Amino acid sequence: MSPPQPAHPHRAPTLTHEFDSLRPALAYLTPDEISTLEIAYEFSRSAHEGQFRKSGEPYISHPLAVAGILAEWHLDAQTLTAALLHDVVEDTPATASEIEQRFGKAVALLVDGVSKLDKLAFESEQQAQAENFRKMLLAMAQDVRVILVKLAEPAQHAHHGFDAG
């Protein structure tokens, strides 16, 4: 991992090179929005410190890749922030209220919506598919961006060869 980057007016001071790989896809966002994404990235990276994917890569590679796909789709900064944070509440000591305090209610609701979709457990594959579809429709009625974050996950797995998780 590279050493922390020098301070920049629109850059969190402890960023690592992983976020810089996302930067070209963010050209459509404002500097303030990019700064918020950098802070969300660093929060997520720190929260997932010591966690690894089945592939052996640091866990942060997953939310970063999901955010990259959503950036290719030119989604708003709140959705990209939620993508970077979408596994933090489930997989780390961070809380939903902490997400809301740091990143706002809209981002916290998106993260919560994605987390609820992740918590599905069913007796059969057909039942799981039907319930996934039902929950996706309900989530779309509240905020379609929840579904877009969820849809980017399988795309990320297919395009980057990551294990499910």
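Structural remarks
- Of the residues making up region 89-116, those that are among the aliphatic types (A, V, I, L, M), within 19 Å of Leu22 (Cβ to Cβ) and either open to solvent by 20 Å² or more (accessible area, probe 1.4 Å) or in contact with a His (Cβ under 9 Å, 6 or more places away or on another chain) (or both) are Leu110, Val111, Val114.
- Looking only at residues of region 11-22 that are of a type in the set (D, E, K, R) and either surrounded by 15 or more Cβ atoms within 10 Å (Cβ to Cβ) or in a loop (DSSP other than H, G, I, E, B) (or both), we find that the one that is modelled with the lowest pLDDT is Arg11.
- Restricting Lys116, Lys135 to residues that are closer than 25 Å to Pro58 by Cα and either modelled with pLDDT of 85 or more or part of a helix (DSSP H, G or I) (or both) narrows the list to Lys116.
- Residue match in region 67-74 (condition: over 15 Å from Ala152 (Cα atoms) and either open to solvent by 60 Å² or more (accessible area, probe 1.4 Å) or not in a helix (DSSP H, G or I) (or both)): no
- Filter result for His86 (closer than 14 Å to Ala152 by Cβ and open to solvent by less than 20 Å² (accessible area, probe 1.4 Å)): yes
The values are calculated or read from the model by the stated rules, or taken from the named source; none is laboratory data. Because the structure is predicted, anything quoted here is derived from the model rather than measured. Note that we place each Cβ from the backbone using ideal geometry, even for glycine, and neighbour counts take in every protein chain shown. Side chains included, ligands, DNA and RNA excluded: accessible areas come from the protein's heavy atoms. Shrake-Rupley method; radii C 1.70, N 1.55, O 1.52, S 1.80 Å.
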